[in-house]
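K.L.:
Supplied in structure tokens, the structure appears directly below.
The values are calculated or read from the model by the stated rules, or taken from the named source; none is laboratory data. Quantities reported herein were computed from a predicted structural model and do not represent experimental measurements. When we count neighbours, we look across all protein chains shown, and the Cβ atoms used for this are built from the backbone with ideal geometry, even at glycine. These accessible areas exclude ligands, DNA and RNA; they are computed on the full protein's heavy atoms, side chains included. Shrake-Rupley method; radii C 1.70, N 1.55, O 1.52, S 1.80 Å.
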Amino acid sequence: MESKDYLKDLSEIKDLMNKSSRFISLSGLSGIMAGVYAIIGAAIAYWLVTSSVRGYLILDGTIFRICVFILLMVALLSIVTGIILTTKKAKKTGSKIWDATSRRLVYNFLIPLVAGGLYIIIILSQGKYGHTGGLMLIFYGLALVNASKYSIGDIKYLGFIEIILGLIATLLPGYGFWLWVLGFGVMHIIYGTWMHFKYDKN
């Protein structure tokens, strides 16, 4: 009997330590919605490009600026949805939404993401945009892997997939758009669904 109580105490201590060192209130539904936003945005951008006179993008063109705006809106909607759903989940579980752990999560997530974003802006300004989709996937994947040690560990697997897709996109730049859709759209929906049923349903 004492042995069972001892093991139970150890398990509870382990859970408390895990909760104190990891932000576990991320919502799987936010991942699903991010994927849906990405697919809708990609569909609109694809229609704009293919129905244009040229049929392709140029950096100083109006359609390119619209596509950048769509990309920013996808990112903004994903962030806002993620904050709303994560806050709702945190309140439901009685967890804090903004503490030392969540700050470390955001900090470690933003370092590769910001560095990658600045690098992409630099190469775009140089007229080199063939690998943009691949670079987005790679740096986003690195951000997920870097932040996973302060959140649900399963996030790193999505990060690895994004990195692999990004490397393939740099090898096959002609398929960069579709690999971007696969990484940011389809994989987010699959990952979010898996996380929702694994964690949010409990």
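K.L.:
Would you check if there is a residue in the range 88-104 being out of contact with any strand residue (DSSP E or B) (no Cβ under 9 Å at 6 or more places or on another chain), polar (S, T, N, Q) and over 30 Å from THR50 (Cβ atoms)?
P.N.:
The answer is yes; a qualifying residue exists.
K.L.:
Please enumerate the residues belonging to the range 158-202 that are of a type in the set (Phe, Trp, Tyr) and either in contact (Cβ under 8 Å) with a residue 24 or more places away in the chain or closer than 19 Å to ILE79 by Cβ (or both).
P.N.:
PHE177, TRP180, PHE184, TYR191, TRP194, PHE197, TYR199
K.L.:
Here's a follow-up. Is one or more of the residues making up the range 8-24 under 21 Å from ASN108 (Cβ atoms), modelled with pLDDT of 50 or more and either of a type outside the set (Phe, Trp, Tyr) or in a helix (DSSP H, G or I) (or both)?
P.N.:
yes
K.L.:
Can you work out which of the residues in the range 159-175 that are farther than 16 Å from ILE190 by Cα and buried (at least 19 other Cβ atoms within 10 Å of the Cβ) is nearest to the chain's Cα centre (by Cα)?
P.N.:
Ranking the qualifying residues of the range 159-175, first place goes to ILE163.
K.L.:
Can you work out which of the residues in the range 144-153 that are open to solvent by 20 Å² or more (accessible area, probe 1.4 Å) and either basic (Lys, Arg) or outside any helix (DSSP H, G or I) (or both) is nearest to VAL114 (Cα to Cα)?
P.N.:
LYS149
K.L.:
Then there is this: Hey, does the range 120-143 have a residue that's within 21 Å of GLY31 (Cβ to Cβ), open to solvent by 60 Å² or more (accessible area, probe 1.4 Å), in a helix (DSSP H, G or I) and aliphatic (A, V, I, L, M)?
P.N.:
Yes, the range 120-143 contains at least one residue that is within 21 Å of GLY31 (Cβ to Cβ), open to solvent by 60 Å² or more (accessible area, probe 1.4 Å), in a helix (DSSP H, G or I) and aliphatic (A, V, I, L, M).
K.L.:
From the residues in the range 59-100 that are modelled with pLDDT of 75 or more and of a type in the set (Ser, Thr, Tyr), which one is surrounded by the fewest Cβ atoms within 10 Å (Cβ to Cβ)?
P.N.:
THR62
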